[in-house]
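The values are calculated or read from the model by the stated rules, or taken from the named source; none is laboratory data. What you see is a predicted model; the values in this text were computed from it and never measured. Quick reminder, even Gly has a Cβ in these numbers, built from the backbone with ideal geometry, and neighbours come from all protein chains shown. Just so you know, the surface numbers come from the protein's heavy atoms only, side chains and all, with ligands and any DNA or RNA stripped out. Shrake-Rupley method; radii C 1.70, N 1.55, O 1.52, S 1.80 Å.
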Amino acid sequence: MKFQDYSFGRIQIDGTTYEHDVIVDHGHIRNRKKGPSKAFRDAYGHTPLSTAEDIPWQCRRLIIGTGANAALPVMPQVEREAHDRGVELVILPTAEAIALLNEADAGTNAILHLTC
């Protein structure tokens, strides 16, 4: 997969432009459905990434892009779940996550927050 042209709220992956958070799961792109995490918004000031979401755990490494300003909170339960599953968890601002994804192998999945 080729990740390119990332800017606030927008990314191009393999020639297709996305204007919403995305999940990369074994080479397939889907929307991040953050509704299950909205219940935790007040505690974090922003809808966090929680284990209530459909996280693509079937991988060796999961890269989480936390946004242009690294504002996406990742709940501690996500970190514990990754550890328990033996998944290497990499949490970076989205621009850095994309650079890493462009060098990643097929055993890597991702969640990319595109805005803040």
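Any residue that is polar (S, T, N, Q), open to solvent by 70 Å² or more (accessible area, probe 1.4 Å) and free of Cβ contacts under 8 Å to residues at least 40 places away in the same chain - is there at least one of those in the range 27-50?
Of the residues in the range 27-50, the ones polar (S, T, N, Q) are 31, 37, 47, 50.
Checking which are open to solvent by 70 Å² or more (accessible area, probe 1.4 Å) leaves us with 31.
In the following step, the residues that additionally are free of Cβ contacts under 8 Å to residues at least 40 places away in the same chain were identified as 31.
Scanning the range 27-50, I find at least one residue that is polar (S, T, N, Q), open to solvent by 70 Å² or more (accessible area, probe 1.4 Å) and free of Cβ contacts under 8 Å to residues at least 40 places away in the same chain, so the answer is yes.
Quick one: would you say residue 7 is more than 19 Å from residue 88 (Cβ to Cβ), out of contact with any Cys (no Cβ under 9 Å at 6 or more places or on another chain) and surrounded by 13 or more Cβ atoms within 10 Å (Cβ to Cβ)? It would help to see each step written out before you state the result.
Details: more than 19 Å from residue 88 (Cβ to Cβ): yes; out of contact with any Cys (no Cβ under 9 Å at 6 or more places or on another chain): yes; surrounded by 13 or more Cβ atoms within 10 Å (Cβ to Cβ): no.
Judged against the criteria, residue 7 is not a match.
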